[in-house]
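Please read the structure below before turning to the comments.
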Amino acid sequence: MKNYLLLGIGLFVLLLGNSCTQKESTTYIYDDFKTIHPDFKLNSEAVSDGKLLADFKCEKKVNGVENSIPLSWSNVPEGTKSLAVVMYHYPKKDDKSEINSYLILWGIDPSVSKIPYKMANNPNWFMGSNKDGNAISYTSPCSRGPGEHTYTIALFALSEKPKLLPESNSLDVDLNTFSKAISSDMIIDITTLTFIDSNS
C-alpha cells in the first residue's frame, strides 16, 4: 500500500510540473491524491465549512504584495527535515490542463506549526512568485467568473531541503520550478486543504 501511495506522489509531482508551463493535457485528477499519514493535517482559520471567508478574498496590494492566508498544521511526520507549501487553482473549471499557483513556500523548519495571517513572506523560509509572476508574494483568491472555484493548498513534508531551489526568495521559482525540484524520494507525506470561493 505504501509503495502504491509513493508512486502516486511521484505521479502528482511529475504531472504538476508538466501541466504548469507546457499546459499539456492530463487525465490525472490532483484532488484524488490521498496522504500516507491521515494524522498529518492542514487547516486555516480563513476557511469555514469548506468556503473561503469574505475577509480573506481580494486582498489589496501594498507595494505589489498581498496579505497571505493564515495556515496551521499538526502531526508533522517523523523524519521530516523541511516543509513546503503550494496553493493552486484550475482557472478553467472543466479543464485540468491549465493550473495557476497562488503561494509557493519552501525551506520551512519542521518545528514550525503555523503561518499567521500576512506572515507568509518570513525571513525564516523562502517564497516564490505570485500568480502573475511579477512579485514575490501570495495571491489571494478573487474569483470573477460565475459559479464556484476550487482552490487547493498542499503542505509537503520532505526528508531534506530541496537542493535545486535557492536559499532565498526568488521570482524565478514558480509552480513548475518547484515541482521539478521536489523528487518523489524526498517526499515523506503531503496533506491538502481544499476550499471554495465564489462570486455570489
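Odds and ends about this structure:
- Figure legend. Inter-residue proximity from the range 68-85: first residues of a type in the set (K, R), second residues open to solvent by less than 20 Å² (accessible area, probe 1.4 Å), beta-carbon distance below 7 Å, spacing 6+ or different chains. Indicated pairs: K81/L158.
- L171 in contact with a strand residue (DSSP E or B) (Cβ under 9 Å, 6 or more places away or on another chain) and open to solvent by less than 10 Å² (accessible area, probe 1.4 Å): no
- Residues of the range 100-135 that turn out to be touching a residue at least 24 places away in the same chain (Cβ under 8 Å), surrounded by fewer than 20 Cβ atoms within 10 Å (Cβ to Cβ) and out of contact with any His (no Cβ under 8 Å at 6 or more places or on another chain), as a count: 14
- Subset of the range 149-163 that is surrounded by fewer than 20 Cβ atoms within 10 Å (Cβ to Cβ) and outside any loop (DSSP other than H, G, I, E, B) - its residue that is farthest from the chain's Cα centre (by Cα): T150
- Qualifying residue in the range 75-91 (condition: closer than 21 Å to S168 by Cβ and of a type in the set (S, T, N, Q)): yes
- Residue identified as over 19 Å from K41 (Cα atoms) and open to solvent by less than 50 Å² (accessible area, probe 1.4 Å) among P146, P166: P166
The values are calculated or read from the model by the stated rules, or taken from the named source; none is laboratory data. Everything numeric here is computed off the predicted structure, so don't read it as measured data. Neighbour counts are summed over all protein chains in view; Cβ atoms, including those assigned to glycine, are modelled from backbone coordinates with ideal geometry. Accessible surface is based on the protein model in full, side chains and every heavy atom, while ligands, DNA and RNA are left aside. Shrake-Rupley method; radii C 1.70, N 1.55, O 1.52, S 1.80 Å.
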